[in-house]
Amino acid sequence: MASSKPSKDAPSPDQLPSLEELVEVLAQSVEEVFEAMLITITSRLEELDVPHDCVDEGMGQKEEGVDLEVEVTFSGALGGAVVLRCNHQGAEDIARGLLMMEEGELEFEEIKDALGECANLITGSMKSKALDPIADFSMGTPHVREASQDSRSKSHLAFELSSGVMSAELWIDDCEAQAA
Amino acid sequence: MNKILIVDDSSTMRKIIMRVLRQAGFKIDNIVEAANGVEGLKTLGENPDVALVLSDINMPQMDGIAFVKAVRTEHDKETLPMIMISTESGSSMVESAMESGANGYVSKPFTPDSIRDVLGTYLG
């Protein structure tokens, strides 16, 4: 990418937002994007382990469907990724909100694409608020995949949606502990 | 006749843009779509009556910045209004897009009002 303007000077470590600050901004970004895209957040959950909890917490027999996760990386003075994980009902809630389709059949590819765009919006919002004012950062394109049973982890950003659930995680490169 | 070219790798976002344009009250007689800059150039060639382009910045194969440059230079369309749509408002990528010849940008997520404000200059 060509730019005639000089890039911002590399920030010192104390200029970078802390993990906690980034997680707070991530939570704000989720809520703002969902409000703008008419996706209902029924409640914040203390913790959620998608997709495991969807079966264990008595959310009903796991219906036919695929639990999804989407990752959007960011890089610059700080590198990492935002990962959203949904059970299949949560992914459908998100797709219906973005596409404004309260009823009707959704194709699996439509759901995946909508989830990717949702993650794109959330990561972009977080980046604009917390990272762009400090230094030059760039974002990757969303990668949507089936939620991994092996790599599931506790997340403190967890949301109950209209029919399903979603967790939002922030991964920072070279960080010993997962942020959220 | 206001024909608009929407260039975005997300089919979801293309649908959202179409919906918002109609909600904003624009008379869109015809909308054509492309999933990246390469397809955008091809679609532009096939539709010389496009009156305005809405393009994402972060796309595979050819990003929005390269797309704007190509439209301005290779396709010799210096006066075609090109508006960038991006999550990256205020970032260096938006600055680069403007320097490459874009006329303006709209931040995602956007509302009918924000679209109306930017596009009102170019479309009736």
| query | On the accessible surface of chain B, probed at 1.4 Å, how many percent belong to carbon and sulfur atoms? | reply | 48 percent
| said: Let me confirm one metric for peptide B:5-17, namely the mean number of other chain beta-carbon atoms within 10 Å of its residues' beta-carbons. | reply: 5
| Ignoring ligands, DNA and RNA, what accessible area per residue does region B:1-80 give at 1.4 Å, in Å²? | 43 Å²
| request: Just the number, please: buried accessible area between A and B, total of both chains, 1.4 angstrom probe, nearest 100 square angstrom. | output: 2100 Å²
| request: Work out, step by step, the length gained on full extension between A:Thr40 and A:Glu102: first 0.36 nm times the residue separation, then minus their alpha carbon distance; give nm to one decimal. | output: 21.1 nm
| Mind listing which GluC sites (Glu not before Pro) in region A:87-131 are in a DSSP loop and have 16 or fewer other Cβ atoms within 10 Å? | A:Glu102, A:Glu103, A:Glu105, A:Glu107
| query | Do you know the relative contact order of chain B, to the nearest whole percent, from alpha carbon pairs under 8 angstrom that are 6+ apart? | reply | 25 percent
| field | Residue-averaged beta-carbon neighbours from other chains (10 angstrom radius) around B:91-104 | value | 3
| query | Quick one: length gained pulling B:Arg22 to B:Leu123 fully straight, 0.36 nm per residue minus the C-alpha distance? | reply | 35.1 nm
| query | Once you sort the root eigenvalues of the Cα gyration tensor of region B:1-61 as a ≥ b ≥ c, which label holds: rounded (a/c under 1.5), prolate (a/b larger than b/c) or oblate (the other case)? | reply | oblate
| Shape category assigned to region B:66-124 from the gyration tensor of Cα positions, a/c cut at 1.5 | oblate
| task | Please check chain B for the longest run free of GluC sites (Glu not before Pro) that are loop-located per DSSP (anything but H, G, I, E, B) and have at most 15 other Cβ atoms within 10 Å. | result | B:1-73
| query | Based on DSSP H runs of at least 4 residues, each adding -39500 (n - 2.57), what is the mean residue ellipticity at 222 nm of chain B after dividing by all its residues, to the nearest 500 deg cm²/dmol? | reply | -12000 deg cm²/dmol
| Dipole size in debye (nearest 20) for region B:38-120 around its Cα centre, Lys and Arg Cβ +1, Asp and Glu Cβ -1? | 60 debye
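The values are calculated or read from the model by the stated rules, or taken from the named source; none is laboratory data. None of the values given here were measured: they were computed from a predicted structure. Ideal geometry is used to build each Cβ from the backbone, glycine not excepted, and the neighbour counts take in all protein chains shown. Remember, those area values only see protein heavy atoms, side chains included, never the ligands or the DNA or RNA. Shrake-Rupley method; radii C 1.70, N 1.55, O 1.52, S 1.80 Å.
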